[in-house]
Amino acid sequence: MIISLVGYMGSGKSTTGKDVAKALGFEFIDLDEFIEQKYQATISDIFEKEGELGFRKKEREALKEVLTTTNIVLSLGGGTPVYYDNMDEIAKNSISIFMRVQLPQLVKRLENKKENRPLIAHLSNEEMTEFIAKHLFERNQFYEKAKYTINISNQSTLEILDEIMNHLKKEKI
């Protein structure tokens, strides 16, 4: 069984994924970290050397590899569902959960973490708001293909975990 968490960067996929994996006794895999280990390069370095298209090809290969494993909780990069037929593969091979966070909250979460995010590192806070809004408009149609959606506002990590576990009970996990 694979549980995949999708959503925009800063939506809490990695933090929540670790909590879900611990609760289920599953392994946790962050796809970006998996890519860095597999290709012995940081995401930023791959973007710099190969551009976004080169990164997306590597991401696709890594995703296909990870989707062949079992008993994992998988945190996906914000763009992963958008490229190729990735979201269809994710939906077919896992229980997918969209972690939806509204724009103002995403901007607030990402303001102090820009340097670790290649797509927004060079943007001012005002430019970042516009960039994220445009991205959400483009990407939400892919995220919304997830089997379940969690609307995240001010819940604690425990409340988010409880909501996910309630969805997983429906799946007999």
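The values are calculated or read from the model by the stated rules, or taken from the named source; none is laboratory data. Because the structure is a prediction, the values reported are computed rather than measured. Every residue, glycine among them, receives a Cβ derived from its backbone with ideal geometry; neighbour counts consider all protein chains shown. To get the accessible areas, we keep the full protein, side chains included, count just its heavy atoms, and leave off ligands, DNA and RNA. Shrake-Rupley method; radii C 1.70, N 1.55, O 1.52, S 1.80 Å.
Being touching a residue at least 40 places away in the same chain (Cβ under 8 Å), more than 24 Å from residue 39 (Cβ to Cβ), open to solvent by less than 60 Å² (accessible area, probe 1.4 Å) and assigned to a helix (DSSP H, G or I) is a condition met by at least one residue of the stretch 88-104.
The residue that is surrounded by the fewest Cβ atoms within 10 Å (Cβ to Cβ), counting only those in the stretch 71-82 that are assigned to a loop (DSSP other than H, G, I, E, B) and at pLDDT 95 or above, is 71. Residues in the stretch 141-173 that are within 17 Å of the chain's Cα centre (by Cα), loosely packed, with under 14 Cβ neighbours inside 10 Å and either without any contact (Cβ under 8 Å) to a residue 12 or more places away in the chain or within 10 Å of residue 98 (Cβ to Cβ) (or both): 141, 144, 151.
If only one of 43, 2 is of a type outside the set (Ser, Thr, Tyr), in contact with an Asp or Glu (Cβ under 6 Å, 6 or more places away or on another chain) and open to solvent by less than 30 Å² (accessible area, probe 1.4 Å), which one is it? Quick ask: steps written out before the conclusion?
Working: 2 fails: in contact with an Asp or Glu (Cβ under 6 Å, 6 or more places away or on another chain).
Of the residues listed, the single one that is of a type outside the set (Ser, Thr, Tyr), in contact with an Asp or Glu (Cβ under 6 Å, 6 or more places away or on another chain) and open to solvent by less than 30 Å² (accessible area, probe 1.4 Å) is 43.
The set of residues in the stretch 48-70 that are in contact with a strand residue (DSSP E or B) (Cβ under 8 Å, 6 or more places away or on another chain) and either of a type in the set (Phe, Trp, Tyr) or open to solvent by 10 Å² or more (accessible area, probe 1.4 Å) (or both) comprises 67, 69, 70. Here the condition is being open to solvent by 50 Å² or more (accessible area, probe 1.4 Å), among the basic types (Lys, Arg) and either under 16 Å from residue 13 (Cβ atoms) or not in a loop (DSSP other than H, G, I, E, B) (or both); of 134, 114, it holds for 134 alone. Total residues in the stretch 18-70 satisfying the condition of being in contact (Cβ under 8 Å) with a residue 12 or more places away in the chain, of a type in the set (A, V, I, L, M, F, W, C) and not in a helix (DSSP H, G or I): the figure is 4.
Kindly indicate whether residue 120 is surrounded by 11 or more Cβ atoms within 10 Å (Cβ to Cβ), among the hydrophobic types (A, V, I, L, M, F, W, C), modelled with pLDDT under 95 and not in a helix (DSSP H, G or I). Can you show your working first?
Numbers: surrounded by 11 or more Cβ atoms within 10 Å (Cβ to Cβ): yes; among the hydrophobic types (A, V, I, L, M, F, W, C): yes; modelled with pLDDT under 95: yes; not in a helix (DSSP H, G or I): yes.
Judged against the criteria, residue 120 is a match.
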